[in-house]
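S.K.: One structure follows; several queries about it will come next.
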Amino acid sequence: MATTTLLLFLTIPLLAVLVSGQTVSSIPSPGQPSRVGPLGQFEIIGDSLVSAQQGGNVMGNGTWVNVGGNQAVTYGGAAAVSQNGGGPYDDPDGRQSETLEDGTLIILGGCRNGGYVNSANQDNPTYEFFPPKGAPITLPILQRTLPANLFPLTWLLPSGRLFIQSNWETVLYDYKKQKETPLDDIPDAVRVYPASAGTVMLPLTPANNWTATILFCGGSNVKTNQWLDPDWIIPKHPASTSCVRITPDISQSYVHDDPLPEQRSMGNLIFLPDGKILCLNGAKMGTAGYGNQSWAIGMSYADSPVLVPAIYDPAASAGRRWSRDGLGISKIPRMYHSSAVLLPDGECLVVYAFISSDVDRHAGSVFVSGSNPNSDYNVGPDIKYPTEYRSERFYPSYYNSRRPQPVGIPSQLNYGGPSFNISLDSNDLFGDVNNVRNATVVVIRPGFSTHSMNMGQRFVQLENTFIGSASSNTAVLHVSQLPPNPAILAPGPALVFVVVNGVPSVGVQVMVGSGNLGKQDISPIGDLPQSNVAPADVAHAKTDNAASRVGQRPQLVFGVIGLLGWVVGM
């Protein structure tokens, strides 16, 4: 059974905002980042206290759950005498997890002892729920996909079914009926650990009717019988450049996407608030994992680190989706056990309690840490890929821009119900009210980062219209609640960004859903007024109507709520 560890909570200030005669709970207007950063570059910010991590996710009530790890070990990675906890490392078995529509977790697969890949004598081809809902249930795809069935790539789809990809196989799984529906095998490469492709569900937006498409980039073309071949020299095996995508609620087949700029295993795909995706970390040769073989690079099963990130634009036309314009080079190889996660602001950074450097308000940068392709702590001048404690921050191109400071973001998002208003002043609109036409409100769950994946990572754009005043260059966004379907974005804490002209506000943390485990309330989506920008002469002539009031800031009254901060899996 998986062992769980409950992590820390934050307290963030809230406001009560008077909007259209009704008082609703709202978050203070986010400010500006407290410093500038080198755009497109990495900055070393200090040391963490950990260098590797295992799986987990966040529940609908804001509780973070850390699920398992390797078998209990002693120094040098040798099996400990007791597998029931205790020193020197308290480190029970780990698995994959995904948050469901009711805010509980489903925990899938794993093995009982650990190792490079799985084996029949230690396989755990089951799933269970947390909080527990009974005995573990056998999952056939995991039985069929040994030995590469650890950390099966899993997403909850808007249909309520699970998309599961393991070794070369893919299925849709109805966990309520315990029924598998086979999809096409994934082409070109194995994507699960230890091949370790970068994976992400692409943005769910009004334009695509919040339909899920999943992207896989990199990994390794390894045949099933090759994983345990004693003559296979893993660090000399090239990683893949292949990118494929699938829209599983619509089609059973994968389609090819633009390939990576170079071959890559162990890459992370991280959402940026402007809708683009950052690819970083990993290596050109080999796979995740480590061992004592003579051909290992120290102990690493990978070599030739990829130090330059790349940006993927889902909105770009085919053949133009990857770019490296203006991107710099990291100085730190990020090999096995590396992590990356989007940062919202300084308050959420407090959750990274193992960061010893000064980290306050770093909105929309990406935190990068870890790398330990070793059985234990292993450092020294002759170690090519040591246990890595240095952490970095990556600054996207928008980072130093003046950020929008929206007013009216609610502290809680519901599944349907009345819309809400967000006001933007002239500075937020960069002096031109017409910039409201490209303004978006996005909800991002950064996820739990481990093993080249961010479990639970999502990007959902809310539908909105707008009313603008050309005379004052101010505007109000009329914003819908989430679609009335918790499978689009499972309940729990998330970050809201308001993006104007490609520049995001500082992210603010909200609660999606009721804040409780269990069936979520669903309501019809409220109507949105038609979009309009009132010309200056009209706005001046009607100073007593809504157009003259769109730039007003609501009356604010302070309150407080406790929410859980984002974590990198430890």
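S.K.: Restrict the search to the stretch 432-536; then list the trypsin sites (Lys or Arg not before Pro) that DSSP places in a loop and that have at most 15 other Cβ atoms within 10 Å of their Cβ.
M.R.: Lys519
S.K.: With r defined as the distance between the Cβ atoms of Ser323 and Asn121 and R0 fixed at 56 Å, what FRET efficiency is calculated, to the nearest 0.05?
M.R.: With R0 = 56 Å, the Cβ-Cβ based efficiency is 0.75.
S.K.: Please give the net charge around Thr138, taking every other residue with its beta carbon less than 12 angstrom from that of Thr138, where Lys and Arg add +1 and Asp and Glu add -1.
M.R.: Cβ neighbours under 12 Å give a net charge of -2.
S.K.: Assuming 0.36 nm per residue, please report the length gained on full extension of the stretch Ser25 to Val255 beyond their Cα-Cα distance.
M.R.: My answer for the length gained is 78.4 nm.
S.K.: Greater than 27 Å separation of Cα atoms is the criterion. Which listed pairs, Lys284/Lys331; Lys179/Lys276; Lys223/Lys331; Lys223/Lys284; Lys236/Lys276; Lys236/Lys331, meet it?
M.R.: The pairs that break the limit, which is 27 Å between Cα atoms, are Lys179/Lys276; Lys223/Lys331; Lys236/Lys276.
S.K.: Give me the net charge for the shell around Asp521: Cβ to Cβ below 15 angstrom, other residues only, Lys and Arg +1, Asp and Glu -1.
M.R.: -1
S.K.: Note down the net charge around Thr440, summing +1 for each Lys or Arg and -1 for each Asp or Glu among other residues with Cβ under 14 Å from its Cβ.
M.R.: That works out to -1.
S.K.: Compute the length gained on full extension between Arg245 and Asn438: take 0.36 nm times their separation in residues and subtract their Cα-Cα distance, giving the result in nm to one decimal.
M.R.: Net length gain for the segment: 66.8 nm.
S.K.: Using a simple spin-label model with points 7 Å from Cα along the Cα→Cβ vector, what separation in nm is obtained for Gln530 and Arg144?
M.R.: Spacing of the two 7 Å Cα→Cβ label points: 5.3 nm.
S.K.: Please work out the Cα center distance from the stretch 367-393 to the stretch 273-349, rounded to the nearest Å.
M.R.: 15 Å
Every number in this text was worked out from the coordinates using simple rules, so none of it is lab data. What you see is a predicted model; the values in this text were computed from it and never measured. Here the Cβ is made from the backbone with ideal geometry for all residues, glycine too, and neighbour counts use every protein chain on show.
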